[in-house]
Amino acid sequence: FKLGCAFFFLLGVLQSSPAFAQNKSTTTQQAQLALNQLLKSNADARVLNSKAVAVLVFPNITKAGLMIGGQYGDGVLLSKGKPIAYYNTTGVSYGMQIGAQEYGYAMFFMKQSAITALDSTDGFEVGVGPSVVVVDEGFAKSNTSINLQEDIYAFIFNQKGLMAGLGIQGNKITKL
């Protein structure tokens, strides 16, 4: 019973989270600062940024869980450094998990069709639709302007805290 109540409470918080969205100015400032830090510290991000149509930056996503987990964060879609739309990301997970963490997430949209897919549905589900490549340390060894053919490249950065476990997770990005 307690587990079920916790799940529905968490689901309610995530469903109503747009009401808690930060103001646009603060979100934009935090996103631009986070993107600048990522670009300064990561050569791969700089290459992708120079070729991207737009970058969706979630400067601070909070994730926590104990059997049932959730995550939430506000972000901004930047094109040529200017904000063009605002989004939030929410996720719910279930399984053997415990912990809490905060992190940033940047998605480099390489094609206009990927941005169209982001805005054409009632929420963009990661893993459904355009292909997303999460960039890791081996990326620099294999990237060239010829093979940057995927729709979206994503970076996770500024991780703080600890989250461990196995579970099933769904993640959705919704335009505010």
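Points to keep in mind about this one:
- Hey, A45 at pLDDT below 85 and small (G, A, S) or not: no
- Matching residues in segment 53-82 - criterion: being over 17 Å from N23 (Cβ atoms), open to solvent by 40 Å² or more (accessible area, probe 1.4 Å) and touching a Leu at 6+ places or on another chain (Cβ under 7 Å): M67
- Scanning segment 42-78 for residues that are in contact (Cβ under 8 Å) with a residue 24 or more places away in the chain and in a helix (DSSP H, G or I) returns A43, D44, A45, V47, L48, N49, K51.
- Test: V92 is outside any strand (DSSP E or B) and open to solvent by less than 70 Å² (accessible area, probe 1.4 Å): no
- Residues being more than 22 Å from F155 (Cβ to Cβ) and either touching a residue at least 12 places away in the same chain (Cβ under 8 Å) or open to solvent by less than 50 Å² (accessible area, probe 1.4 Å) (or both) - total across segment 95-122: 5
The values are calculated or read from the model by the stated rules, or taken from the named source; none is laboratory data. Nothing here was measured: the structure is a model prediction, and the numbers come from that model. Neighbour counts are summed over all protein chains in view; Cβ atoms, including those assigned to glycine, are modelled from backbone coordinates with ideal geometry. To get the accessible areas, we keep the full protein, side chains included, count just its heavy atoms, and leave off ligands, DNA and RNA. Shrake-Rupley method; radii C 1.70, N 1.55, O 1.52, S 1.80 Å.
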